[in-house]
Structure formats: C-alpha cells, structure tokens
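K.L.:
Below is the structure I would like to discuss, written out as structure tokens.
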Amino acid sequence: MVGRDYRAPVTQSDGEELATWLEELGLVDQLAEAGLPTFTRDAGGRAVWTEPDRLEELERELRSVGEEPEHAIPVGLVVLRRQARLRTQLLATSWHTYESLGAMRGTSVDATRFAVHKAAAEHRLLVVPVEERAVVPAFQLGPDGELRAELAPVIGPLLTAGMDPWRAWAWLTQPAALTLGRAPEQAAASDPDLVRVAAERLAERLSHRA
C-alpha cells in the first residue's frame, strides 16, 4: 500500500489494498496455512476479511522483513507457496496407499497398515501425511514393495534427526550438491556410501539446530 504511513494503524479501508497486494503476489492461498486472517470477494468484488480487527497485525506480520516496510515481501508466505508447489510436484510422482502397497506385497490392508506404522515409527520407512491419509513414496521401494536396501542407511538418519517427511521426500528425489548434482535416491543405486555420508552430514546439521 504505497503512500501510506506504515507507523499508523491499519484502517478497514486499507483491507482492500492489502487483499489486492496479496492477490498480485499470488499468496492468498497461503494465509490460512500460516494462521493469518483470510478474505473472500463479495458480489461487488470487495474484499471481506474473516477477522478485520486483525488487519494491523496481519500487515505488520507480512511486512516484518526488511528495513523498508512499504517494499517488504511476506517471506513466510512465499516459503509456504514454494512448499505447496513442491508438494504438488511430489504427489504427481508415484506413491502408494495401504491398499496399493498391500497388493504389491501380497498382504492384507490391515497387515500392511500395521507394518507401515511400525516401520515408520522405527524410522525405517518414509511415510508422508497427505490430508487425512498416509502415503508411501514409491521411489524408496523395490519390486517386492519393501525398502530398497541401499536406502535404509540413508532414510534412517534423516528421520531420526527429525527431518520433516515432506522435506525428506524432496531431498531424496531432487538433485543435491552433496551427491554431485544427482538425486540421492538415484545416486544410492551406484554409490551408496556417498549418499549415506551425505545423509549423515545433513542429519548432523539438523540435530545441532534442534
């Protein structure tokens, strides 16, 4: 909202400009995930905020980065948008439900669910929450539906260190500097020691931050 005194309280009339700014940045969908007030457009195209009394707090939060608030970018929402796009990309790859994994393993759904929960709790299998269900990324599995042997010493340290499952999925399947520009899960097939060491180093950094 260029031209406004950013030290002054946000008025209700500023809500329209704030909404337009977020739309232009493409960050509207990330407001709810960030725990911030959201808005919809009424029949007249006006922004209707869910919590109009929090507009001042909202703008302060969005413009908290940088020394010039009028030019600030809501970094937190940008990160959430990037994460949302990455999750969409990951979900476009192959993954299993309990049903499809059970069929692959030749076991019942209940037996598969129990085995998956146990393996995930012991950090022996990467299981990712998607809405109200759990999915098992297929890259980590062999033809028998079990974890690829070369990935066991890679996935274990990452999950034990507390890495978020989505981040683990992304790191394992995207080109990484520590594995010479190759996706770790692919590099592990030909150079398991390199990938294991890379995972252990990453896990150490995560542990130190905790």
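K.L.:
Residues that are assigned to a helix (DSSP H, G or I), crowded, with 18+ Cβ neighbours inside 10 Å, touching a Phe, Trp or Tyr at 6+ places or on another chain (Cβ under 7 Å) and charged (D, E, K, R): does region 182-203 have at least one?
P.N.:
Checked against the condition, which is being assigned to a helix (DSSP H, G or I), crowded, with 18+ Cβ neighbours inside 10 Å, touching a Phe, Trp or Tyr at 6+ places or on another chain (Cβ under 7 Å) and charged (D, E, K, R), region 182-203 yields at least one hit.
K.L.:
On the phi < 0 side of the Ramachandran plot, surrounded by 17 or more Cβ atoms within 10 Å (Cβ to Cβ) and not basic (K, R), is that true of P157? If you could, list the steps in order and put the result at the bottom.
P.N.:
Values: on the phi < 0 side of the Ramachandran plot: yes; surrounded by 17 or more Cβ atoms within 10 Å (Cβ to Cβ): yes; not basic (K, R): yes.
Spelling it out, P157 is indeed on the phi < 0 side of the Ramachandran plot, surrounded by 17 or more Cβ atoms within 10 Å (Cβ to Cβ) and not basic (K, R).
K.L.:
For L178, are the conditions met, namely being touching a Gly at 6+ places or on another chain (Cβ under 8 Å) and in contact (Cβ under 8 Å) with a residue 24 or more places away in the chain?
P.N.:
Values: touching a Gly at 6+ places or on another chain (Cβ under 8 Å): no; in contact (Cβ under 8 Å) with a residue 24 or more places away in the chain: yes.
No: the conditions fail for L178.
K.L.:
Restricting the search to region 32-44, which residues are over 14 Å from L18 (Cα atoms) and at pLDDT 80 or above? Talk me through it step by step, then tell me what you get.
P.N.:
Taking region 32-44 first, the residues over 14 Å from L18 (Cα atoms) are 32-35, 42-44.
If the condition is that a residue be over 14 Å from L18 (Cα atoms) and at pLDDT 80 or above, then D42, A43, G44 are the ones that fit.
K.L.:
Quick one: which residue in A103, A152 is within 25 Å of V195 (Cβ to Cβ) and either touching a strand residue (DSSP E or B) at 6+ places or on another chain (Cβ under 6 Å) or among the small types (G, A, S) (or both)? So that I can check it myself, show each step before the final result.
P.N.:
On the way: A103 fails: within 25 Å of V195 (Cβ to Cβ).
Only one candidate qualifies: A152.
K.L.:
Tally time: how many residues in region 54-98 are surrounded by 16 or more Cβ atoms within 10 Å (Cβ to Cβ), at pLDDT 75 or above and not in a helix (DSSP H, G or I)?
P.N.:
3
K.L.:
Give the residue, chosen from E150, E132, that is acidic (D, E) and surrounded by 13 or more Cβ atoms within 10 Å (Cβ to Cβ).
P.N.:
E150
K.L.:
Something else now. Determine, yes or no, whether G102 is surrounded by 17 or more Cβ atoms within 10 Å (Cβ to Cβ), in contact with a Leu (Cβ under 7 Å, 6 or more places away or on another chain) and of a type outside the set (V, I, T).
P.N.:
On the way: surrounded by 17 or more Cβ atoms within 10 Å (Cβ to Cβ): yes; in contact with a Leu (Cβ under 7 Å, 6 or more places away or on another chain): no; of a type outside the set (V, I, T): yes.
No, not satisfied.
K.L.:
Is it the case that some residue within region 119-128 is within 30 Å of W21 (Cα to Cα), out of contact with any Gly (no Cβ under 8 Å at 6 or more places or on another chain) and part of a loop (DSSP other than H, G, I, E, B)?
P.N.:
Going through region 119-128, the residues within 30 Å of W21 (Cα to Cα) turn out to be none.
The answer is no; no qualifying residue exists.
The values are calculated or read from the model by the stated rules, or taken from the named source; none is laboratory data. Remember, it's a predicted structure, so these values are computed and weren't measured experimentally. Don't worry about glycine lacking a Cβ; one is built from the backbone with ideal geometry, like all the others, and counts go over all protein chains shown.
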